1. Just to be sure I follow the definition: excluding the sites themselves, where is the longest run in the chain that has none of the GluC sites (Glu not before Pro) in a DSSP loop with at most 16 other Cβ atoms within 10 Å?
2. Among Pro62, Pro71, Pro36, determine the one that fluctuates most according to a GNM of the chain built with springs between C-alpha atoms less than 10 Å apart.
3. Per residue, how large is the accessible surface of the chain? Use a 1.4 angstrom probe and give square angstrom.
4. Given a 10 angstrom Cα cut-off, can you work out which residue in Ala83, Ala69, Ala55 is the most mobile in a GNM of the chain?
5. Calculate what fraction, in whole %, of the accessible area of the chain sits on carbon and sulfur atoms when a 1.4 Å probe is rolled over the protein chains.
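The values are calculated or read from the model by the stated rules, or taken from the named source; none is laboratory data. This structure is a prediction, so every number in the text was calculated from the model and none was measured. Note that each Cβ is placed from the backbone with ideal geometry, even for glycine, and that neighbours are counted across all protein chains shown. SASA here: full protein model, heavy atoms, side chains in, ligands and nucleic acids out. Shrake-Rupley method; radii C 1.70, N 1.55, O 1.52, S 1.80 Å.
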Amino acid sequence: TRGLMYRESLAEKTGMLFIFDSSSILTFWMKHMKFPLDIIYVDENMEIVTIMRNAPPCSEEPCPVYRPASPARYVLEINGGEAEKLGIKEGDKVEINYDV
């Protein structure tokens with residue numbers, strides 16, 4: 001539930017990947033965030049199903065909740081506006097590289 005909360009920034013072309021055991025309608029919020037994010041929802045077939053672009057930090061309670069149009073198994077959070085800069089769009093296929 002903590003994700004990127006309380007961070008001051010995020011380096012370009014980096015993000016946080018959330019991996020869930022199964023697909024569902026996953027909800028995310030921007031509580032305690034200090035910068036906007038693109039929230040990218042990916043289904044079990046590794047296809048982007050929804051992108052919440054430039055989700056702003058929550059400024060008042062209750063915080064808005066963001067959810068995909070269809071079930072997702074993975075969620076990638078990147079800097080707000082970066083999906084557009086990189087040409088990432090709904091329907092794109094995602095490849096996860098585990099070489100760390």
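1. Numbers: sites that count: Glu8, Glu12, Glu44, Glu60, Glu90, Glu95.
Longest site-free region, per DSSP loop and neighbour criteria: 13-43.
2. Comparing Pro62, Pro71, Pro36 in the GNM, the peak value goes to Pro62.
3. On a per-residue basis, 64 Å².
4. Taking springs between Cα atoms under 10 Å, the residue moving most is Ala69.
5. 51 percent
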